[in-house]
Amino acid sequence: MRRDDEGTLELTPSAARWETLRAQGWTAEGVVQLLEPLVFERRREAMRRVIERRVGSVVVVLDAPHDPHNGSAIIRTCEAFGVQNLYVVARKEPFLVSRKITQGTERWIDVQCHRDPTVVARELGSGGYELVGTHPDGDLQPDDLASIPRLGLVFGNEHEGICPELERAAQRSVRVPMRGFVESLNLSVTAGILLAAATHARAGDLPEQARLRLYAQGLLRTVSRAGDVLAASEPR
């Protein structure tokens, strides 16, 4: 997929609208209190069930992704395996996605874009995450990832790999074992294999406030003209 293909656009982080509401004085509790009665119980239960299984102990770092197909597919993979946080190091160009591929999953993932890889490495390090790079000769196997308590899984650029700053910050690396003539896999396929292994048997572990905020955002997307409903009410 080319970056100038029709339907490809720069991703607006899902948190942007939420930050606007917070600036207006809204809290997650207030949004839930106002909008929850307007949503059918089966929809509320479906959202709560998915959010309860969301994982914060595994995060994904994309270093300078170029192909919108790969970035979009990885967002969709993160959502499928319950990985809540995706960090994008947009060192060279904006992070572009295809909504045809994400199919709305970008609305459920917290995507943070940074230009400086050291900022990402420092933030995740201070959060207790162990950064693990992906490499054909990595010392870890996919099944090893499930035993790392707080994992930051780093994927490099399609052509240049992982930048030196993130490579130095990664304590270890992981490989996908292969037995055919092929020496490497597509970036999004590798991400699917590794995230399936990394999240295997992990319980949902998002903090209560993060789960509440996700639920409030889900209600905002579910209620028709939710913005008008909030605009007609006092922030709470």
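The values are calculated or read from the model by the stated rules, or taken from the named source; none is laboratory data. Please read all numbers here as calculations on a predicted model, not as lab measurements. Don't worry about glycine lacking a Cβ; one is built from the backbone with ideal geometry, like all the others, and counts go over all protein chains shown.
Does the range 14-34 hold any residues that are at pLDDT 65 or above, surrounded by 12 or more Cβ atoms within 10 Å (Cβ to Cβ) and part of a loop (DSSP other than H, G, I, E, B), and which are they?
Step one: filter the range 14-34 for residues at pLDDT 65 or above, giving 15-34.
Still in the list and also surrounded by 12 or more Cβ atoms within 10 Å (Cβ to Cβ): 15, 17-18, 21-22, 26-34.
If the condition is that a residue be at pLDDT 65 or above, surrounded by 12 or more Cβ atoms within 10 Å (Cβ to Cβ) and part of a loop (DSSP other than H, G, I, E, B), then Trp26, Thr27 are the ones that fit.
Kindly indicate the residue of the range 35-65 that is assigned to a loop (DSSP other than H, G, I, E, B) and touching a residue at least 40 places away in the same chain (Cβ under 8 Å) and also farthest from Gly127 (Cα to Cα) among those meeting that condition. Full working, then the answer.
Applying the first criterion (assigned to a loop (DSSP other than H, G, I, E, B)) to the range 35-65 yields 39-40, 53-54, 64-65.
Those left that are additionally touching a residue at least 40 places away in the same chain (Cβ under 8 Å): 39, 53-54, 64-65.
Numbers: Val39: 35, Arg53: 20, Arg54: 18, Ala64: 22, Pro65: 24 Å.
It comes out as Val39.
Quick one: how many residues across the range 192-236 are closer than 13 Å to Leu38 by Cα and either touching a Phe, Trp or Tyr at 6+ places or on another chain (Cβ under 7 Å) or among the aliphatic types (A, V, I, L, M) (or both)?
Residues meeting the conditions: 7.
Given the criterion buried (at least 18 other Cβ atoms within 10 Å of the Cβ) and part of a helix (DSSP H, G or I), identify the matching residue among Leu212, Leu131, Leu145.
Leu145
Across the range 68-105, what is the total count of residues that are within 15 Å of Val50 (Cβ to Cβ) and either within 12 Å of the chain's Cα centre (by Cα) or surrounded by 21 or more Cβ atoms within 10 Å (Cβ to Cβ) (or both)?
Residues that pass the stated criteria total 9.
What residue, of Leu206, Leu166, is touching a helix residue (DSSP H, G or I) at 6+ places or on another chain (Cβ under 6 Å) and either at pLDDT 95 or above or not in a helix (DSSP H, G or I) (or both)? Can you show your working first?
Numbers: Leu206 fails: touching a helix residue (DSSP H, G or I) at 6+ places or on another chain (Cβ under 6 Å).
Checking each option against the conditions leaves just Leu166.
Given the criteria within 24 Å of Arg22 (Cα to Cα), over 19 Å from the mean Cα position of the chain (by Cα) and hydrophobic (A, V, I, L, M, F, W, C), does Val174 qualify? Can you show your working first?
Working: within 24 Å of Arg22 (Cα to Cα): no; over 19 Å from the mean Cα position of the chain (by Cα): yes; hydrophobic (A, V, I, L, M, F, W, C): yes.
So Val174 does not fit the description; no.
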